[in-house]
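Undergrad: Below is one structure. I have some questions about it.
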Amino acid sequence: MEKRNLTALDRLIDEAAKRGYSRRQFIARATALGVSTSVLGVALGSFDRRASAQAAEPTGKLVVSMSVEPDTLENWKAYSTDGHPILRNVQEALLNRDPKTNELVGELATSWEQTDERTWRFTLRQGVTFHNGDPFNAEVAAFGINYTWSKENGFEIYQFIGPDMTATAVDEYTVDVATVEPDPILPARLYFSPIPNMKQVQERPDSLVTEPIGTGPYSFVEWNRGQYIRITANPDWWGLGSPDARGTVTIKDAEFVFRAESTVRAAQVVAGEAQIGRFLAPEDCATTPNCKSVSSVETIFLRLDTNHVAMQDIRVRQAIAFAVDKQAIADQLFGGGEPASQLVGPSATGYNPDLQPYPYDLEKAKQLVAEANAAGVPVDAEITVVTREGIYLRNDELAEYVASQLREIGLNAKSEVIEPALYNPEYSKNIKDVSETRGWITTNPHGNEIMDVSATASSYYRCDGGASMYCDPALDEALNKAIPLTGEERGPALAAVTKMYYDAYASVPVIYMPLNYGLAANLQWEPRLDAFMLLKEMTLTA
C-alpha cells in the first residue's frame, strides 16, 4: 500500500505545485489516498520545496571570472580559495557562517552541543538528498567526516585539523564526533569541510576529481578544463522556501571562467561578459560598475624552510624579515592592506595585539647576513622564493621583489612561479620530508577561516604540522596546553604561542590582504569576511 501511495504522492506533488494547492488542500488529498502520517511528513517537505520553486523559478546566468582554475573538485578542496567558489555552492557542510555576523550557523546540522570534553553531538537536518537522489543521514555524514579528515588519506585539508577526530552515527539523524584530546573549536573545523556523497566515494572514487555530487543549492553540470566550470540551480534543494537556509536561489545558472590577468577579468565585467571579477588590482577594480574592496581573513606571509643550510641560522631568518618593506608592498603592489605582525588578524582568537610587524631595516639585514657568514653559515646556498601560479593578485611580482631584496642583503636568491599541480604537493610537505638543500621561501596567503590561532598553529607552528617548516618541542608543549582551554583562558594562552613563533622568525608576515571584487551593475551581493562566494546570497536584477 505504501509503495502505491508514494507513486500517487509523486503525481499529487506535481499536480499540487502546478495548480497552486494550499498545504491544507494537499493534506486533504493525501489523506484521501490513505497515506500514513510518517509518509505524509516527508511528502509535505517535498511539496513545500516544489511549491516554493514553482512560485519563484530561478532565472538568468552569472559568470564569475577567477584568477586560477582548481586542480581538483574533491570535497576536501573546499578549504582553498580556488576550490570553495565552486564547491560550497554544490556541496554543504554541517555548519556555515552567517554572512553578516560571522557566527557559526547550521547548514546540514540543525543544532550541536558538547556532550563531554572530547565529544560533540550534531543533530542533522532531515529530508535532505544528494543531487543523484541518495539520502543524507548520520551514516553518510559520519563517513564523510572520517573520509575528509583521515590521517591515512592525508588530504591537504588535514593540515588544519586539531586532535584527530572520529565520527559515529548515533541514530539516523544524530552524529557524535569524538577527538583524541579536547577540541573546543571542532565545530569551526567542520564548517570548513563539506560532506561528500558516500556511495560515490565507495563505488566511483575516480569520478571525485571531476564530478562533485552534493546536497547544495546548485548541482554540477560540466568542467571543460582550461575553459569553464558550470553549475545549475537544484530544484530539489532542501533550502527552497526555508527561512534557515540563509539565502534564496534566484539565479539559474553559473559559470566560472579563468583569466590570470587582473585587467582581463575587469574588462570582462565592463563588457558584460562576466558579473564578478574576483581578486582584482585596485586600479582595475575601479573601472568596473561596482567595485567592492573588503577586509578578509587572508594574510600574505613568507614561509621559510628553516631546516635549510642557511636559514637554519636565526640571524639569516631575521635578516629576511628585515629586508622586506611591508608598507611599500601594501601600497605599491596591492593598493591597500596593512603590514601584518602575525599569520592571523584580529578576528582570530589568540591574535596577539602586543606584536608589531617586523621592521624594514636593510642595513641591519646586511649586517646580520655578514655576521652569519663570518660564523661559517653558508649564506651563498641557493634560496628560491616560490609562488603558486595565479594564487592571488601580483604574487609573481611579490616573489621577484623578495628575491631581489634578499640578493641586496647578500643572499643567493631567485624567484620561481610554479603551476598548482606541482606546487601544492610540495607546499603540503612537513619539515621532516624536505631536504636541507631545498631552500624554499613561499609567498603564500593564509586564510584563518576557522578564526582561531590553534588552526594556524596546528598547520604551521608545530613539529608535525601538515605544512610546517618549523619545529620547537617547547612551542608544541605550549600549544598542546592551550588547545583544550576555553573562555577567558584560551586567547592569552594562544597569544603566548603566537609570540614564541614570532620570536623564532619562522615565518615573515607581510600584509593583511584586502580583496577586490569588480561587480556588474545588475548584481546585488555583499562579499563575506571568509571570501565564500555563495550564489544563494546573490541577486541579478534586470
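Readers should treat all values here as calculations from the given coordinates under stated rules, not as data from a laboratory. As the structure is a prediction and not an experimental result, all values here were calculated from the model. All Cβ positions, even for glycine, are placed from backbone atoms using ideal geometry, and neighbour counts span all protein chains on display.
Undergrad: Quick one: compute a quarter of the convex hull surface over the Cα atoms of segment 395-434 and quote it in nm².
TA: 3.5
Undergrad: Under the definition of Cα pairs under 8 Å and six or more residues apart, what whole-number percent is the relative contact order of segment 92-205?
TA: On the way: 194 pairs, mean separation 33.6, N = 114.
Worked out over segment 92-205, it gives 29 percent.
Undergrad: When only Cα pairs under 8 Å and 6 or more residues apart are kept, what is the percent relative contact order across the chain?
TA: 19
Undergrad: Hey, can you rank 307-314, 453-460 by average C-beta count inside 10 Å, highest first?
TA: Values: 307-314: 20.6, 453-460: 26.0.
Descending mean neighbour count gives 453-460, 307-314.
Undergrad: For segment 170-186 and segment 350-377, what is the separation of their Cα centres, given in Å?
TA: 44
Undergrad: Assuming R0 = 45 Å, what is the FRET efficiency of L362 and T210, from their Cβ-Cβ distance, to the nearest 0.05?
TA: 0.40
Undergrad: Using only alpha carbons, build the gyration tensor for segment 92-205 and give me the equivalent ellipsoid semi-axes, biggest first, whole Å.
TA: One finds semi-axes of 20, 17, 14 Å for segment 92-205.
Undergrad: Straight-line reach from K326: which lysines have Cα under 17 Å away, leaving out those fewer than 8 places along the same chain?
TA: The reachable lysines, counting only those whose Cα sits under 17 Å from K326, are K364.
Undergrad: Moving on. Before anything else, pin down the relative contact order of segment 182-246: Cα pairs under 8 Å, at least 6 apart, normalised by residue count, whole percent.
TA: Over segment 182-246, the number comes to 20 percent.
Undergrad: Related question: With a 10 Å Cβ neighbour count serving as the proxy for reagent exposure, in which order, fewest first, do M451, M198, M500 appear?
TA: Values: M451 24, M198 21, M500 16.
The order, fewest Cβ neighbours first, is M500, M198, M451.
Undergrad: To continue, here is another question. Over the alpha-carbon set of the chain, work out the extent along each principal axis and list the three values in angstrom, largest first.
TA: 93, 56, 42
Undergrad: Quick one: if the Förster radius is 56 Å, what FRET efficiency do E273 and K414 give, using the C-beta to C-beta distance and rounding to 0.05?
TA: 0.90
Undergrad: Roughly speaking, what is the stretch gain from A260 to R225, that is 0.36 nm per residue apart minus the C-alpha to C-alpha distance, in nm to one decimal? Please report the intermediate quantities before stating the final value.
TA: Working: separation 35, 0.36 × 35 = 12.60 nm, distance 1.46 nm.
In short, 11.1 nm is gained.
Undergrad: Can you grab the distance from the C-alpha centre of segment 387-427 to the C-alpha centre of segment 202-252, Å, no decimals?
TA: What the calculation gives is 34 Å, centre to centre.
Undergrad: Still on this structure: Take the Cα atoms of segment 24-132, find their three principal axes, and give me the spread along each one in whole Å, biggest first.
TA: On the principal axes, segment 24-132 reaches 56, 48, 29 Å in Cα extent.
Undergrad: Here's something else I'd like to know. Just need the Rg to Rh number for segment 205-335, please, alpha carbons only, Kirkwood Rh. Working shown, then result.
TA: Details: Rg = 21.3 Å, Rh = 19.2 Å.
Radius of gyration over Kirkwood radius for segment 205-335 works out to 1.11.
Undergrad: Can you give the calculated 222 nm mean residue ellipticity of the chain, where each DSSP H run of n ≥ 4 adds -39,500 (n - 2.57) and the sum is split over every residue, rounded to the nearest 500 deg cm²/dmol?
TA: -9500 deg cm²/dmol
Undergrad: Below 16 Å, Cα to Cα, which aspartates and glutamates can K100 reach? Residues fewer than 8 away in the same chain don't count.
TA: Qualifying aspartates and glutamates at Cα under 16 Å: D244, E449, E526, D530, E537.
Undergrad: Follow-up. Under a straight-distance cross-link criterion of Cα-Cα below 17 Å, which lysines are reachable from K77, leaving out those fewer than 8 residues away in the same chain?
TA: Excluding near neighbours in sequence, the set is K151, K429.
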